[in-house]
Amino acid sequence: MRVRFPPSPTGALHIGNARTALYNWLLARGAGGELVLRIEDTDRERSTPENVQTIFDSLQWLGIDWDEGPIYQSENAARHAEVVQRLLDAGLAYRSTAGAEEVRAYKEANDNRGFRGEDEGQGAVRLRMPDDGATVVNDVIRGESRFENVLMDDLVIARADGTPVYHLAVVVDDADAGITHVVRGADHYSNTPKHLRIYAAIGAPAPTYAHLPLLHGTDGKKLSKRHGAASVQDLRKSGYLKEAVINYLALLGWGYDETTTFFTIPELQELFSLERVSKNPAVFDEQKLRWINGRYVRELSLDELTARLEEYTGRTGLRDAVAITQDKISTLEEFWPLARSFFEGPVDDPAARERVLGAPDAPAALADVRAALASLPEPWTDTKVEEALRGVVERTQRKAKQVFQPLRVALTGTTVSPGIFETVALLGRDETLTRVGNALNA
């Protein structure tokens, strides 16, 4: 098995393209086959070196490696021109100046049959279509479809200036690379009969085709920026783990059974098959991805999560803060808002200060907390802190919230933090008493 992933480097690696890359990679790895990376850089304006590098970075972050390439389509221009000339010489193609208007007029005059032109010796190069029979597409996912040849226009394969169009370039490159399986998005399905006619004309065996379902947002519309993260870079910046992204992308159109959601990468390589890919559009739901990601975050060892968070935040010395936030976060991005007050002091949240510390009983509650903690012997542990603070609640007959929330805001500046007992224990005696004192004196 030889498969390929041929992105156009015209921007970020979108989630749909990342899924296509993943499915090709899983097929190759599961079958002991090879994955070819080809950069379709014929749009010279938008195919910048930066965009190419973005694709490499995204694939490498996901852990998708390739066996051959990167091959640049633009470097095959001479080969494409040679094939066009061969088709012209063999009489299988001809030059025509007919544009969209002439094609439309021809169809109206000929019962909507496909356009057939005369060789004018100049203009674009068109491949001659047969007038009888049908071109049959056998798709692993979508089944068999017949396209009547008489309804297909003679296909433009090169422009008047000689540059080949996408259809010819992609078929020649796939044929030359010995690609056995073309796995791509359903938006390419209508190109397939055209590509099969080119394979027949150049005398090359056609590959097996599989067209993946389109991706929709939760509103049922085609996936785009408005649905949130639209590219691999967006997901990475938002603090998703690559294992969770791979797991979730695999489920966008494929499932092993009705119940299993979590798969390791070796399991995906072993279990993935095109036969279990659905025809129906798949829904990208970032809430489900967050849920899956949260599971992965909680299952990482403390050392591993710390290493990833230190890389993500560009900071060191996070281990203790990670230990008390791991079960509270679903993405790496959520860590710093919860942990920053340990490193930078209380955050400035006037609304929280006013609402919580401005309550009539808050100063008295904080004073009771300060007294209880001041007499608590070191070293402080979560358990010892909890006993001391629950003692304040019982002795003063307040609700827990009336004691814990003012303390939380005094220590962190905000009402959202890790567990209050863990927060106090991590800050330690001196820092805790200083911050409580500052809040009382504010």
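The values are calculated or read from the model by the stated rules, or taken from the named source; none is laboratory data. Please read these numbers as outputs of a predicted model, since none were measured by experiment. Because the Cβ atoms are built from the backbone with ideal geometry, glycine has one as well, and the counts that use them run over all protein chains shown. For accessibility, only protein heavy atoms count, side chains too; no ligands or nucleic acids. Shrake-Rupley method; radii C 1.70, N 1.55, O 1.52, S 1.80 Å.
The residue list VAL436, GLY121, THR10 was ranked by how far each Cα lies along the charge dipole of the chain toward its positive end, using unit charges on Cβ atoms, and VAL436 comes out on top. Backbone geometry of the range 306-315 corresponds, through the Karplus equation with coefficients 6.51, -1.76 and 1.60 at θ = phi - 60°, to 3J(HN,Hα) couplings of 4, 4, 5, 5, 5, 5, 5, 8, x, 10 Hz, x marking Gly and Pro. Taking a ≥ b ≥ c as the square roots of the eigenvalues of the Cα gyration tensor, the range 224-297 is oblate, since a/c reaches 1.5 or more and a/b is not larger than b/c.
In the full protein context, the chain carries 47 Å² of accessible surface per residue, based on a 1.4 Å probe and ignoring ligands, DNA and RNA. Calculated on C-alpha atoms, the gyration radius of the range 343-442 divided by its Kirkwood radius gives an Rg/Rh of 0.92.
This model, with +1 at the C-beta of Lys and Arg and -1 at the C-beta of Asp and Glu, gives the chain a dipole about its Cα centre of some 1200 debye. Give the residue from THR135, GLN73, THR306 lying farthest towards the positive end of the charge dipole for the chain; charges sit on Cβ (+1 for Lys and Arg, -1 for Asp and Glu) and the dipole is referred to the Cα centre. It is THR306.
Under 1.5 on a/c is rounded, so check that first for the chain, then, if it is not, pick prolate when a/b is larger than b/c and oblate when it is not; a ≥ b ≥ c are the square roots of the alpha carbon gyration tensor eigenvalues. Cα axes put the chain in the prolate bin. Computed from backbone phi with θ = phi - 60° and the Karplus coefficients 6.51, -1.76 and 1.60, the 3J(HN,Hα) list for the range 408-413 is 4, 5, 4, 7, 10, x Hz; x is used for glycine and proline. If you take every residue apart from LEU271 with its C-beta less than 15 Å away from the C-beta of LEU271, what net charge results, scoring Lys and Arg +1 and Asp and Glu -1? Within the 15 Å Cβ shell, the charges total -3.
Ligands, DNA and RNA left out, the 1.4 Å accessible surface of the range 289-442 is 48% carbon and sulfur atoms.
Applying a threshold of 24 Å to the alpha-carbon distances of LYS242/LYS328; LYS237/LYS401; LYS221/LYS279 flags LYS237/LYS401 as lying beyond it.
Note on the range 45-204: with charges restricted to the Cβ of Lys and Arg (+1) and Asp and Glu (-1), its dipole about the Cα centre is near 340 debye. For the options GLU334, GLU394, GLU310, a Gaussian network treatment of the chain with springs between C-alpha atoms closer than 10 Å singles out GLU394 as fluctuating the most.
Can you give me the angle between helix 100-109 and the longest principal axis of the chain, using Cα atoms only, in degrees from 0 to 90, rounded to the nearest 10? So the helix axis and the longest Cα principal axis differ by about 60 degrees. Extension gain for SER278-GLN85 works out to 65.4 nm (0.36 nm per residue, less the C-alpha to C-alpha distance). In this rough spin-label picture, where each label sits 7 Å from Cα along the Cβ direction, the LEU376-ASP119 distance is 9.3 nm. Here ALA78 and LYS221 are evaluated by their C-beta separation; at R0 = 56 Å the FRET efficiency comes out at 0.85.
Between the helical axis of 420-441 and the longest alpha-carbon principal axis of the chain there is an angle of about 60 degrees. From the Kirkwood radius over Cα pairs of the range 176-221, Stokes-Einstein at 10 °C and 1.306 mPa s returns a whole-number translational diffusion coefficient of 131 µm²/s. Here the gap between PHE56 and ALA351, fully extended at 0.36 nm per residue and compared with their Cα-Cα distance, gives a gain of 101.7 nm. Protein heavy-atom surface of the range 1-140, 1.4 angstrom probe: 44% of the accessible area is carbon and sulfur, with nucleic acids and ligands not counted. Extending 7 Å from the Cα toward the beta-carbon at both THR434 and ASN138 defines two label points whose distance is 7.5 nm. In a simple Cβ point-charge model (Lys, Arg +1; Asp, Glu -1; nothing else charged), the range 131-196 has a dipole of about 220 debye relative to its Cα centre. Ranking LEU373, ILE329, PRO363 by Cα position along the charge dipole of the range 309-409, where only Lys, Arg, Asp and Glu carry charges on their C-beta atoms, puts PRO363 farthest toward the positive end.
Mean-square fluctuations from a GNM of the chain, with a 10 angstrom spring cutoff on Cα atoms, peak among GLY391, GLY63, GLY32 at GLY391. Computed from the Cβ-Cβ distance with R0 of 45 Å, the FRET efficiency linking ALA105 to PHE343 stands at 0.05. Prolate is the label for the range 197-257, because the ratio a/c of its alpha-carbon gyration tensor axes (a ≥ b ≥ c) is 1.5 or higher and a/b is greater than b/c. What angle do you read, to the nearest 10 degrees and between 0 and 90, between the alpha-carbon axis of helix 77-89 and the longest principal axis of the chain? Here the helix axis deviates by roughly 30 degrees. Here the label points at ARG146 and GLU387, each 7 Å from Cα along the C-beta direction, are separated by 8.5 nm in the simple model.
Just to be sure I understand: with springs between alpha-carbon atoms less than 10 Å apart, which residue in PRO266, PRO379, PRO70 has the highest mean-square fluctuation in the Gaussian network model of the chain? With Cα springs under 10 Å in the chain, the top fluctuation among PRO266, PRO379, PRO70 is at PRO379. Each Cα pair under 8 Å and six or more residues apart adds its sequence gap; the mean of these over the residue count of the chain is a relative contact order of 12 percent. Checking every one of the trypsin sites (Lys or Arg not before Pro) in the range 1-89 against DSSP loop status and a limit of 15 other Cβ atoms within 10 Å picks out ARG44, ARG46. Counting every pair of alpha carbons in the range 275-364, the share spaced more than 16 Å apart comes to 65 percent.
A cut-off of 5 Å between modelled amide H atoms, ignoring neighbours fewer than 5 places along the same chain, links ILE71 with LEU37, ARG38, ILE39. With r defined as the distance between the Cβ atoms of ALA307 and THR264 and R0 fixed at 22 Å, what FRET efficiency is calculated, to the nearest 0.05? Using R0 = 22 Å, I get an efficiency of 0.70.
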